[in-house]
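These notes concern the structure reproduced below.
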Amino acid sequence: MSSTELAQVTGSIEKILYKDGDSGFSVISVKVSTSESIMATGALIDVFQGETITLHGAWTVHPKFGRQFTIKDYSTKTPCTKSGIEKYLASGLIKGIGPKFAEKLVARFGEKTLEVIDTNPELLGTVPGVGPKKVEAIRQAWVDQKEISNVMVFLRSKDVSTAFAVKIFKTYGNQAVNIISRNPYRLIDDVWGVGFKSADQIALKLGLEPNSPQRVKAGFIHAINEATNFGHLYLDLESAKKQTIELLALDQTVDTTPLLKQALTELYSDDKIKLLSHDEKHFITLPHCYNAERGIAKKIKTLAATPASSFLEIDLQKIYGKLRLPDSRGIELNEEQQRGIMACFQNKITIITGGPGTGKTTLVKKLLELLDECNVSIRLAAPTGRAAKRMFEGTGRSTETIHRLLGFAPGMSGFTHNEQNALSLDYLILDEASMIDVFLMHSLLKAMPQRGHLILLGDVDQLPSVGAGNVLCDLIDSGVCAVTRLAHIFRQAQDSMIIVNAHRVNRGEFPTTSIPEAKNDFIYIRNDDPEELMGTLHSLYKKRLPMLGIKLDDAIVLSPMNRGTAGNVRINQELQEILNPAKPGGVEIQRFGQLYRENDRVMQIRNNYEKFIFNGDIGSIKAIDASDHKVTITFGERDLEYEFTELNEITLAYAISIHKSQGSEFGAVIIPIFTQHFVLLQRNLIYTAITRAKRLCILVGQSRAIAMAIGNNKSLKRNTFLKEFLTTNLEAR
């Protein structure tokens, strides 16, 4: 049905009642006469309060909200009345103009306000309190908005949401339409948050043939990238073909073999993919994935083959003698710990792994003491800021993140320390090594000096890294590195039910809550109905945690999944209302389908190298500036500014995934486990979650689901070949 056959309504946008940043679905109030306003719903991209809007659609009756207009198409034009212009400017259209300033401008220039901003912005300087900088900022914002509008018109016809349209403009500027028209699949790499489906939809609307080689090649690349999102570095060729056919909805009534073969041949010839054969199966990957694993293997083999005495003269007999004696505090090391420390002196690369309470920290402190006596240079690092802080608290020694150690600076394309500029150190001790993905490990090893010793500390039984690869596990399995496993649980650790239950879970046993004379730091709340979880959380946060002396900002929910009744999205919405409800006069905004308020706890969900903030970092919203379209978020001791269009990089963090909690500790951890999580239920998931608790662990859920998880010790095997690169002559072709 064309717009001429639809009902038509014209009026001014009185208020935007709701808008979803992802889909653009909006609910607006439109004033159609001096005495009548109507409700209208539909996908709206670039609309603002005060604008005159012509709607095409149909009248419907909503069972709850009554008569309303369903929008199929629309057009807008700038307002021409004083009240309309004031609303238009007050809506946040232009950075630097908020409600109060909009009122000032309209009082000064009346119905010519928009004309003044557009053609004579210097006149804005005649408004009291407006200096040259403010005038220039408004002028530039107006120009940008006009240019964005042109891009919006183009992208609106391709069903791209407002938020992504702004990000696209920010990336490409005035060249946005030209760049997208030439290769819409560039969006996937260049604009974070734009996925394959969005780019593909634009490509098809631009006239690209469904079975064009360009589209099939993009499909293969997307299939590999999707695999890396699940930790894999390689995708077997047959799965890649199948996924590409399904993704692109290719016509399977015809033979797609020639089309797929052509795409793969071109990708291979252009060095866009690598092909690897192993156990009579073929795998494909992206060059940077292959190069990272090969680079790690090469450096590890070099380190492992180099005698530890090559660069440092250390009296091993003297070291061993000191290990057998109690230290100044009367602490004695067991045989496992002694072997671990000796391995650090005898090998260029050493791995020390063990669960909570097995004495890793005690071992490291003694190792540091002995290294100090040898007058060697030592650096300590960890993958995240929270993990680095924990290492500092455990050792009392200066610890930094790996990114800071390697010298990453915002705006750079890499690290300052690399093969040409190695780190200056004799010993590098890395904590939480299970968190290190293949790309970060490759960068780290490139910066290791020839004389350097590398010590990796970690718990191999925890979940693997959020990023692709399974580095720590692959290194241990290869047998190339010296490995010490700490298994003995020290007596003082046995007083904590958190630690005891972590080890019970790791052995495949159900947690216990009845250990005589142990600290009451582990609670199990049986809850057979996921719908009752929110009531349980209300009770815990409102009553039980305060009674136990737990600060609410030191408590967190760790759920296996984001979606579902017991998923993080819903839990975050509930906890936001409990911990940070709306306040009279409080500032809040809605972007990307999420409501944010000042003081909300939030988490960064991607690495942002310009801001030097990383996936999993947790902070709190300090201020929301609706006028300048900016949110200030405090991460540790740093305040970072986010444009509203960047808010898809953060999410509420009252509840987070267990994967994202790695390397962190919290005063209280609440773990909801239900059968609806069955896809992800596995032993190392529960084990990792329990080990995040410092003072109190509360397990909530169905005993059947918990038993199911503990009984599943078959973790999803990641497609990696680091072990093979270390132990065979495997190479890509």
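Looking at the range 563-579, I want the residues that are more than 17 Å from residue 545 (Cα to Cα) and have a partner that is assigned to a loop (DSSP other than H, G, I, E, B) and not polar (S, T, N, Q) with Cβ atoms under 6 Å, at least 6 apart or on another chain. Which pairs are those?
Listed by first residue and then by second, the contacts come to 566/674; 567/561; 572/654.
Quick grid of which residues meet (1) open to solvent by 20 Å² or more (accessible area, probe 1.4 Å); (2) out of contact with any Lys or Arg (no Cβ under 6 Å at 6 or more places or on another chain); (3) part of a helix (DSSP H, G or I):
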{"position": "667", "(1), (2), (3)": "no, no, no"}
{"position": "672", "(1), (2), (3)": "no, yes, no"}
{"position": "676", "(1), (2), (3)": "yes, yes, yes"}
{"position": "688", "(1), (2), (3)": "no, yes, yes"}
{"position": "694", "(1), (2), (3)": "yes, yes, no"}
{"position": "709", "(1), (2), (3)": "no, yes, yes"}
{"position": "715", "(1), (2), (3)": "yes, yes, no"}
{"position": "719", "(1), (2), (3)": "yes, yes, no"}
{"position": "723", "(1), (2), (3)": "yes, yes, yes"}
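Pairs needed: first member in the range 482-508, of a type in the set (Asp, Glu); second member anywhere, outside any helix (DSSP H, G or I) and open to solvent by 30 Å² or more (accessible area, probe 1.4 Å); C-beta distance under 9 Å; at least 6 residues apart or different chains.
495/515; 495/517; 495/519
Would you mind finding the one in 515, 489 that is within 28 Å of residue 343 (Cβ to Cβ), open to solvent by 20 Å² or more (accessible area, probe 1.4 Å) and part of a loop (DSSP other than H, G, I, E, B)?
489
Within the range 63-72, track down each residue that is in a strand (DSSP E or B), loosely packed, with under 15 Cβ neighbours inside 10 Å and either of a type in the set (A, V, I, L, M) or touching a strand residue (DSSP E or B) at 6+ places or on another chain (Cβ under 7 Å) (or both).
67, the sole residue that qualifies.
Filter the range 598-629 down to the residues that are without any contact (Cβ under 8 Å) to a residue 60 or more places away in the chain and either open to solvent by 20 Å² or more (accessible area, probe 1.4 Å) or not in a strand (DSSP E or B) (or both) and list them by number. Don't jump to the end; show me each part of the working.
Within the range 598-629, the first condition is being without any contact (Cβ under 8 Å) to a residue 60 or more places away in the chain, and the residues that meet it are 598-605, 607-608, 613, 619-625.
Answer for the range 598-629, where residues must be without any contact (Cβ under 8 Å) to a residue 60 or more places away in the chain and either open to solvent by 20 Å² or more (accessible area, probe 1.4 Å) or not in a strand (DSSP E or B) (or both): 598, 599, 600, 601, 605, 607, 620, 622, 623, 625.
From the list 463, 445, 457, which residue is in a helix (DSSP H, G or I), within 27 Å of the chain's Cα centre (by Cα) and either buried (at least 18 other Cβ atoms within 10 Å of the Cβ) or touching a residue at least 40 places away in the same chain (Cβ under 8 Å) (or both)?
Unique residue meeting the criteria: 445.
Can you name every residue in the range 524-548 that is open to solvent by 90 Å² or more (accessible area, probe 1.4 Å) and within 17 Å of residue 576 (Cα to Cα)?
Result: 542, 543.
Is there a residue in the range 222-238 that is open to solvent by less than 20 Å² (accessible area, probe 1.4 Å), part of a helix (DSSP H, G or I) and free of Cβ contacts under 8 Å to residues at least 60 places away in the same chain?
yes
What are the residues in the range 209-221 that are without any contact (Cβ under 8 Å) to a residue 12 or more places away in the chain and either more than 18 Å from residue 267 (Cα to Cα) or of a type in the set (Val, Ile, Thr) (or both), if any?
Passing the criteria: only 209.
Can you tell me which residues in the range 36-61 are part of a strand (DSSP E or B) and open to solvent by 20 Å² or more (accessible area, probe 1.4 Å)?
37, 39, 43, 52, 54, 56, 58, 59, 60, 61
What pairs can you find where one residue is in the range 525-550 and under 11 Å from residue 575 (Cα atoms), the other is modelled with pLDDT of 95 or more, and their Cβ atoms are less than 6 Å apart, with a gap of 6+ or different chains?
none
If I filter the range 571-587 for residues that are of a type in the set (S, T, N, Q), out of contact with any helix residue (DSSP H, G or I) (no Cβ under 8 Å at 6 or more places or on another chain), open to solvent by less than 40 Å² (accessible area, probe 1.4 Å) and outside any loop (DSSP other than H, G, I, E, B), do I get at least one hit?
Yes, there is a match, as at least one residue in the range 571-587 is of a type in the set (S, T, N, Q), out of contact with any helix residue (DSSP H, G or I) (no Cβ under 8 Å at 6 or more places or on another chain), open to solvent by less than 40 Å² (accessible area, probe 1.4 Å) and outside any loop (DSSP other than H, G, I, E, B).
Report yes if residue 380 is in a helix (DSSP H, G or I) and buried (at least 17 other Cβ atoms within 10 Å of the Cβ), otherwise no.
When the stated conditions are applied, residue 380 does not pass them.
Answer yes or no as to whether residue 320 is among the aromatic types (Phe, Trp, Tyr) and modelled with pLDDT under 95.
So residue 320 fits the description; yes.
Right, residue 120: open to solvent by 70 Å² or more (accessible area, probe 1.4 Å) and among the polar types (S, T, N, Q) or not?
Details: open to solvent by 70 Å² or more (accessible area, probe 1.4 Å): no; among the polar types (S, T, N, Q): yes.
Taking the combined requirement at face value, the residue does not satisfy it.
Inside the range 133-210, counting only helices (runs of 4 or more DSSP H) that do not spill past its ends, which hold 2 or more residues that are at pLDDT below 85 and not aliphatic (A, V, I, L, M)?
Hits in the range 133-210: 162-172.
For a quick check of your reading of the model, give me the residue pairs whose first member lies in the range 321-335 and is over 19 Å from residue 357 (Cβ atoms), whose second is at pLDDT below 75 and part of a loop (DSSP other than H, G, I, E, B), with beta-carbon atoms closer than 9 Å and at least 6 apart or on different chains.
Sorted first by the residue in the range 321-335, then by its partner, the list stays empty.
The values are calculated or read from the model by the stated rules, or taken from the named source; none is laboratory data. For clarity, every value in this text was computed on a predicted model and none was experimentally measured. Backbone-built Cβ (ideal geometry, glycine too); neighbour counts: all protein chains shown. When the accessible area is computed, the model is the full protein with side chains, heavy atoms only, and any ligands, DNA or RNA have been set aside. Shrake-Rupley method; radii C 1.70, N 1.55, O 1.52, S 1.80 Å.
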